[in-house]
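Encoded as structure tokens, the structure appears first; notes follow it.
A short reminder: the numbers here are calculations on the coordinates, not readings from a lab. None of these values were measured; they are calculated from a predicted model. Backbone-built Cβ (ideal geometry, glycine too); neighbour counts: all protein chains shown.
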Amino acid sequence: MEISVLHNITQSYNYEEYKKMVIKYAEEYTTSGEQLKERIAATLINAQRMKRIDKQCIINYNLHTLTGQINKKQKWLLISETWCGDSAQCVPVIAKIAELNENIKLEIIFRDEHLDVIDSFLTNGSRSIPKLISIDEETESVNFIWGPRPQAIQNKVLELKNSNNEITHDELVKNIHLWYAQDKTKSIQSEFIELLNKVNLE
């Protein structure tokens, strides 16, 4: 990975700014990046998903405690797009975690405005999002990388694809969001417990 590309970032947003953009785009029937009909429709749904998760998500005790123990300043760079369904499910949770410690600075950037950045953090050769890179602000070294979705849900996606070669994209997306709803952010919180345990021990 090429960390120097992070110096090329031209525009970033905090969570509240990002959320307001998602809602604004939804109200204006538009989206970030390429103006495709399906992406505009997804942004409309994502605005509602984010509002719901903001209200319902509670960070569990173990994760709350671990986050509070971070004593080194770090930037959490989160790559996203307003039309991305996985982002709508995960970004609000990551924002809630980051809020728990003033040593964490969350910055959100749009993938398609920073292709050189996402190309340094590909997932199996793909520009999958959301993607979170935790960077030590003093050393500019990478603490950890997370994304694009919780492994437990990714495993279900792979199982479904393997068992049904003819499944449509719409059916797959429907199942993914059903799993997210059933999971109630437990998987992503568990993964961040593992990540922060490693960081705090170093």
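Before moving on, here are some points about what is shown:
- When each of 198, 51 is scored by the number of other beta-carbon atoms lying within 10 Å, the sequence from fewest to most is 198, 51.
- For region 67-202, the relative contact order comes to 26 percent (Cα pairs under 8 Å, sequence separation of at least 6).
- Added length on full extension, which subtracts the Cα-Cα distance from 0.36 nm per residue, residue 162 to residue 71: 28.4 nm
- Proximal charge balance of residue 93 [Cβ under 14 Å; K/R count +1, D/E count -1]: +4
- When each of 20/184; 24/105; 105/174 is checked by Cα-Cα distance, pairs over 30 Å: 105/174
- 55, 73 arranged by Cβ crowding within 10 Å, fewest neighbours leading: 55, 73
- Rounded if a/c under 1.5, otherwise prolate or oblate - the chain, Cα gyration tensor axes: rounded
- A Förster distance of 30 Å, applied to the separation of the beta-carbon atoms of residue 102 and residue 170, puts the FRET efficiency at 0.10.
- Spatially proximal aspartates and glutamates relative to residue 75 (Cα-Cα < 13 Å; intrachain offsets below 8 disregarded): 99, 102, 107, 136, 137, 138, 140
- For a label point 7 Å along the Cα-to-beta-carbon line of residue 41, residues of region 135-169 with backbone N under 19 Å: 167-169
- Residue exposure proxy: 184, 37, ordered by other Cβ atoms within 10 angstrom of their Cβ from fewest to most, comes out as 37, 184.
- Tilt relative to the chain, helix 15-27 - C-alpha long axis, 0 to 90 degrees, to 10: 10 degrees
- Between residue 30 and residue 141, full extension at 0.36 nm per residue minus the direct alpha carbon distance yields a gain of 36.3 nm.
- With both residues required to sit in the chain, DSSP beta bridges show an antiparallel share near 65%.
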